[in-house]
Amino acid sequence: MDSVAVGFWGAFFGAAGLSLIAAVLAFRQSARRVATTGSLSALLSCLYVLIFLGWLPGDSPEAHLRVQAHAAVLVSAVLAPLLFWLLGVLRGSRARAIVAATAAVTAVVLAIGWSLPPLEALALSVAMQGMLVALSLAAALRSARRGAAAGWLAFAGVCFMSLAIAGLTWHALDPASTPWPVHAASALAAIAYTACIGGAMWARYAYLIDVRQAMVHGPSYDPVTRLASHSETHVMVGEAFARAERDGRPLGVLAVSVANFDALEHLHGRAAYNHGLFICASRLRRLLPPGVQLGRLDADAFLLLVPRPSAADPLMELAHQVVQRLSRPVGLGTSKDMAELEYSRTTWVAEVGVGVLVAPPQMRPQTAVAAAKAMSRTAWSYASRVACYDEEERQIAELAPEPAR
């Protein structure tokens, strides 16, 4: 192998070593599943590269090809489920189904590979890798579109991994005449893969840190929701109504109340309550359009302020989106210990009610907020979970979504 190629691959092993050190540090901080995923990813990537570069005992090309074929199958069968876990795909019964299907496909490919010549066995292994790469790309893209911080990083990492696999497969098939630019491109792609997966791991680890802080300190600690506190919300409302009065434009006020926060605390403790509060606030932040302000409203509610609404329809659509997003099931941790946070899970669904009010600029801020909150609590009894004020009937009415066309 060219000395330049050796230098590039040395840089990859250095990057993988840094990733392994980071995983060890995460383990010391009790983020054990994140640490296990990071260390396995680094170690298996290094093992895969070593085998495909031909650093194996013996001089038989056919034996090397067979070992490379089996290594490709086994490493891919481990790394793909790890990536699925990182993206939140491996949960509950789905996790068991995915792991069982991966194990079954791996066993079949290994059995068939033993009966094939080494070159054909390698081709079969590469085909399995291609299938797992496609599934990983689909899972990463789905996660990214749903707003997960690790989604786009994982998507980029899988793309870089595909380039590295292509270069290493080229070298496995023709080790003597593989040009150094192929090695350089493969090594750089492998380094980029390591960096992307490391970034995705950090996003996961940072999330767990935030969750632990939220569950330990409770609602009195602002980072629980990373929103305006109760007192700051009152200031925000006053400023928003002052601007609306100056502009002579109405102000959209949406109150979001969660009915079962108290029940969650009574059943599973304060830690689970804080975790549920954290999840609801995070989902609201990701959902909000530009320009919409968000703050806390009492212990079980949130307040959204939409400046200068052109009509009531956008507010109604936003309200139904809030109900849909917050009503998705979530697995809540029930322990304050980070080591147990990833294992102690209970499924919870927020019972949401949204009150929608188009407040005229001359309306008193306290009156508008109280009216929106009252409507949000009334909405708990509606099928759509959205309520507004009917001017003609002069009473609170359900705001049902329009039927899909």
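The values are calculated or read from the model by the stated rules, or taken from the named source; none is laboratory data. These numbers come from a predicted model, not from an experiment. No Cβ is skipped: glycine too gets one built from the backbone with ideal geometry, and neighbour counts run over all protein chains shown. In case anyone asks, the SASA skips ligands and DNA or RNA and just uses the protein heavy atoms, side chains included. Shrake-Rupley method; radii C 1.70, N 1.55, O 1.52, S 1.80 Å.
Go through the range 191-201 and count every residue that is open to solvent by 10 Å² or more (accessible area, probe 1.4 Å) and in contact (Cβ under 8 Å) with a residue 60 or more places away in the chain.
7
Which of the following residues is farther than 20 Å from LEU82 by Cβ, out of contact with any Lys or Arg (no Cβ under 9 Å at 6 or more places or on another chain), assigned by the TED database to the domain that holds VAL105 and in contact (Cβ under 8 Å) with a residue 12 or more places away in the chain: ALA166, ALA139, ALA156?
On the way: ALA139 fails: farther than 20 Å from LEU82 by Cβ; ALA156 fails: farther than 20 Å from LEU82 by Cβ.
ALA166 is the lone residue from the list that is farther than 20 Å from LEU82 by Cβ, out of contact with any Lys or Arg (no Cβ under 9 Å at 6 or more places or on another chain), assigned by the TED database to the domain that holds VAL105 and in contact (Cβ under 8 Å) with a residue 12 or more places away in the chain.
What's the number of the only condition in (1) under 23 Å from GLY17 (Cβ atoms); (2) under 14 Å from the mean Cα position of the chain (by Cα) that ALA144 fails to meet?
In the conditions (1) under 23 Å from GLY17 (Cβ atoms); (2) under 14 Å from the mean Cα position of the chain (by Cα), ALA144 misses (1) alone.
List pairs: first residue in the range 295-322 and on the phi > 0 side of the Ramachandran plot, second residue at pLDDT below 90 anywhere in the structure, Cβ distance under 6 angstrom, at least six positions apart or on different chains.
Taking only residues 6 or more apart or on different chains, the pairs are ARG308/ARG249.
Enumerate the helices (runs of 4 or more DSSP H) found wholly within the range 226-319, keeping only those where 1 or more residues are touching a Pro at 6+ places or on another chain (Cβ under 7 Å). Step through it out loud before you land on a result.
Values: elements: 230-247, 261-268, 270-287.
So the answer is 230-247, 270-287.
Give just the number: which of (1) at pLDDT 85 or above; (2) over 18 Å from ALA140 (Cα atoms) does PRO175 not satisfy?
(1)
Of these, ARG243, ARG226, which one is basic (Lys, Arg) and modelled with pLDDT of 80 or more?
Unique residue meeting the criteria: ARG243.
Among the residues of the range 110-119, which ones are outside any helix (DSSP H, G or I) and open to solvent by 60 Å² or more (accessible area, probe 1.4 Å)? Working first, answer last.
First, pick out the residues of the range 110-119 that are outside any helix (DSSP H, G or I): 116-117.
If the condition is that a residue be outside any helix (DSSP H, G or I) and open to solvent by 60 Å² or more (accessible area, probe 1.4 Å), then PRO117 is the only one that fits.
Looking at this structure, is LEU65 modelled with pLDDT of 80 or more, touching a Pro at 6+ places or on another chain (Cβ under 6 Å) and in the same structural domain as PRO81 (by the TED database)?
Yes; evaluated as a whole, the condition is true for this residue.
I'd like to know if the range 294-304 contains one or more residues that are open to solvent by 50 Å² or more (accessible area, probe 1.4 Å), of a type in the set (A, V, I, L, M, F, W, C) and modelled with pLDDT under 85.
yes
Tally time: how many residues in the range 82-109 are open to solvent by less than 40 Å² (accessible area, probe 1.4 Å) and either touching a residue at least 40 places away in the same chain (Cβ under 8 Å) or not assigned by the TED database to the domain that holds SER60 (or both)?
8
Give the range 142-153 a look and list any residue that's assigned to a loop (DSSP other than H, G, I, E, B) and either within 20 Å of ALA15 (Cβ to Cβ) or without any contact (Cβ under 8 Å) to a residue 60 or more places away in the chain (or both), or say none.
If the condition is that a residue be assigned to a loop (DSSP other than H, G, I, E, B) and either within 20 Å of ALA15 (Cβ to Cβ) or without any contact (Cβ under 8 Å) to a residue 60 or more places away in the chain (or both), then ARG146 is the only one that fits.
Here is a check on your reading of the model: is MET161 modelled with pLDDT of 90 or more and closer than 16 Å to ILE98 by Cβ? So that I can check it myself, show each step before the final result.
On the way: modelled with pLDDT of 90 or more: yes; closer than 16 Å to ILE98 by Cβ: no.
The answer is no for MET161.
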